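In what follows, a single structure is set out as structure tokens and then discussed.
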Amino acid sequence: MTGRTAIQLALDTRDLPSALRAARAAEAFIDVVEAGTVLCLAEGLSAVESLRATFPDKPLVADIRIARAGRSSLGWPSRPALTG
């Protein structure tokens, strides 16, 4: 990635299957995979583990900004990843 612009795909879906479909479709065109805040809140850190297993050779970022994601996570309190 040195000397050129890197393309990072931010996966902010509410479910892992959708995120994996998008990442697989874009795999040839991206340099970095990002598990976005919405995905991490909806699926927990298992989403990060799944992305790492699926894309072992790409850099992986877990962007978990709880304070800014508050509004988008409203209405999800019954989700298992959010309640422990």
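What follows is calculated from the coordinates using simple rules that are stated; it is not laboratory data. If you're wondering where the values come from, they're calculated on a predicted model, not measured in any experiment. FYI the Cβ positions are ideal-geometry reconstructions off the backbone, even for glycines, and counts take in every protein chain you see.
Taking helices (runs of 4 or more DSSP H) that do not extend beyond the stretch 1-57, which have at least 2 residues that are free of Cβ contacts under 8 Å to residues at least 12 places away in the same chain?
Values: elements: 16-26, 37-43, 46-54.
So the answer is 16-26, 46-54.
Any idea how many residues of the stretch 1-29 are in contact with a strand residue (DSSP E or B) (Cβ under 6 Å, 6 or more places away or on another chain) and over 21 Å from R65 (Cβ atoms)?
Selection size over the stretch 1-29: 1.
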